[in-house]
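The values are calculated or read from the model by the stated rules, or taken from the named source; none is laboratory data. Computed from a predicted model, the values in this text were never measured in an experiment. Every residue, glycine as well, gets a Cβ built from its backbone with ideal geometry; the counts of neighbours run over all protein chains shown. Heads up: the accessible areas ignore ligands, DNA and RNA and are worked out on the full protein's heavy atoms, side chains in. Shrake-Rupley method; radii C 1.70, N 1.55, O 1.52, S 1.80 Å.
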Amino acid sequence: MEQLEKSPLRQVIMDRIAERGGRITFEEYMHACLYEPGLGYYTSPGRKVGAEGDFYTSINVHRVFGRVIAREICRMWENMGSPERFELVECGAAAGVLANDILDTISELAPDLYSGVTYRLVEMEPSLRDAQRETLASHLPKLAWSEPAELEAGSLTFTGCYLSNELVDSFPTHLVEMTPQGLREAFVAVSEAGFAEQLDNPSTPELQAYLERITVRLPVGQRAEINLNAPRWVNSVAKALTQGFVLTIDYGYLAPELYGSMRPNGTLLCYYRHTTVEDPYIRPGLQDITTHVDFSTLIRAGEEVGLHKVWYGEQYRFLMAAGLMEEMMALEAQATTEEEKLKNRLALKKLILTEGGMGDTFKVLIQAKGVAAPSLLCQREWGKLL
Ligand SMILES: C[S@@+](CC[C@H](N)C(=O)[O-])C[C@H]1O[C@@H](n2cnc3c(N)ncnc32)[C@H](O)[C@@H]1O
């Protein structure tokens, strides 16, 4: 209870629930927790990612993550005939660490691409621009910024590559449960103890339609999250991208696995100071709330709007095929001490570790628009890598 009192957002959400006649959808609750201006988890000051935050992402593990992505971006640029101007748009760019690793690598490996590149940072939290300028100090002339709303409104268009790491898992989702009477949605109301969930008829027929489109039938008793914002986002990306690629990295599964009976409680999780928390109703605005991504919907929604799937698979397979071995050999050669070599090896191992590690929990999806027969590094056969 002490934790609840510390959250200034708690009263804001309670007032909203009262204004709306006693309840809001879980999606609205999660939106407020993460993105309420000035008070949400991502829209209030303070670092969220890294040692001083609440969780790590691949970006903080080792710069090789960004370097391998940069290798693949160079290949995308070549696939498009090495155009003079090429734009990289990163959504959810946080403090700009991935952007910096990518631009460092492009300047080193492909100076012609670097000379015509623009790196556009899109971030929900505007105050992160100062951190981005600091992180990316050596690439300032290459940088541009856009608001997420510009992308949603369709006022941004570009040719190049749209990329994100751990973006879609941070979109607010609806919560549903299958009951003997049919699909029900979770609403958030106020109780004496704080917030309380109520199950009722879905707020929109889109929830049932979403499950039907991916041919998922939830068994009675199963809970699940439905991310209606994900296909909307795919639509806006497809509108903005004139020609090029979309590279999406996140944790998740194809629909049959995500919505399978092995996950009776869905995938919703909270992060607070490097610990997982199951209760999303404590510490509103002070802990991260996240759900696994339904990659089937990203693929299907993309195909409907001209974004064709080029490659989908586990992060370890992407990294290995797109240049991790080359990067590892270079690191070994550059390292001056055994300790440094060991540190590098351990970090790289973390990025590709399977059976619940980052290597297979994370998936990579690459989609293309207007690129004939793309041939990317991640599509290489392992036997022909070196
Ligand atoms: C889980 S963090 C990942 C940060 C970084 N990409 C990384 O991998 O370390 C998600 C980030 O996406 C941002 N974000 C969420 N929705 C967004 C949107 N619609 N447009 C731009 N940024 C968004 C959040 O503010 C947050 O910084």
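What do you get for the angle between helix 338-352 and the principal long axis of the chain? Use alpha-carbon atoms, 0 to 90 degrees, nearest ten.
Helix 338-352 sits at roughly 50 degrees to that axis.
With every protein chain in place, what's the accessible area of S107 (1.4 Å probe, Å², nearest 10)?
Probe radius 1.4 Å; accessible area of S107 about 50 Å².
Quick check: the angle from helix 229-240's long axis to the longest principal axis of the chain, C-alpha only, nearest 10 degrees?
So the inclination is approximately 40 degrees.
Students often get this wrong, so check it: of K239/K369; K239/K309; K142/K350; K309/K363, which have C-alpha atoms separated by over 20 Å?
K142/K350
Charges only on Cβ, +1 for Lys and Arg, -1 for Asp and Glu: so what's the dipole of the chain about the Cα centre, in debye to the nearest 20? Walk me through the numbers on the way to the answer.
Working: 37 positive and 53 negative charges, 128 e Å.
Charge dipole, the chain, about its Cα centre: 620 debye, nearest 20.
Quickly rank 222-234, 67-79 as a protection proxy: mean count of other C-beta atoms within 10 Å, highest first.
Working: 222-234: 21.0, 67-79: 22.7.
Put in order of decreasing packing, that is 67-79, 222-234.
Using the per-residue mean of other Cβ atoms lying within 10 Å as a proxy for protection, in what order, highest first, do the peptides 213-220, 361-368 fall? If you can, show how the numbers build up before the last one.
Values: 213-220: 13.5, 361-368: 23.5.
Those peptides, ordered most packed to least, come out 361-368, 213-220.
Put +1 on the Cβ of every Lys and Arg and -1 on every Asp and Glu Cβ in region 247-386; which of L258, M325, W311 then has its Cα farthest towards the positive end of the dipole?
W311
Return one number: the angle in degrees, 0 to 90 and rounded to the nearest 10, between the long axis of the Cα atoms of helix 26-35 and the longest principal axis of the Cα atoms of the chain.
On a 0 to 90 degree scale, this one is about 50.
With a 1.4 Å probe and all protein chains left in place, how much accessible area per residue does the chain have, in Å²? Mind dumping the intermediate values first?
Working: 16820 Å² over 386 residues.
Result: 44 Å² per residue.
Can you pull the Kirkwood radius for the chain, inverse mean 1/r over Cα pairs, to one decimal in Å?
On the way: mean 1/r = 0.0457 Å⁻¹.
In the chain this quantity evaluates to 21.9 Å.
Measure off, as a whole percent, the carbon and sulfur share of the 1.4 Å-probe accessible area of the chain, all protein chains present. Write down the numbers at each step before the final one.
Working: 8620 of 16820 Å².
Here it works out to 51 percent.
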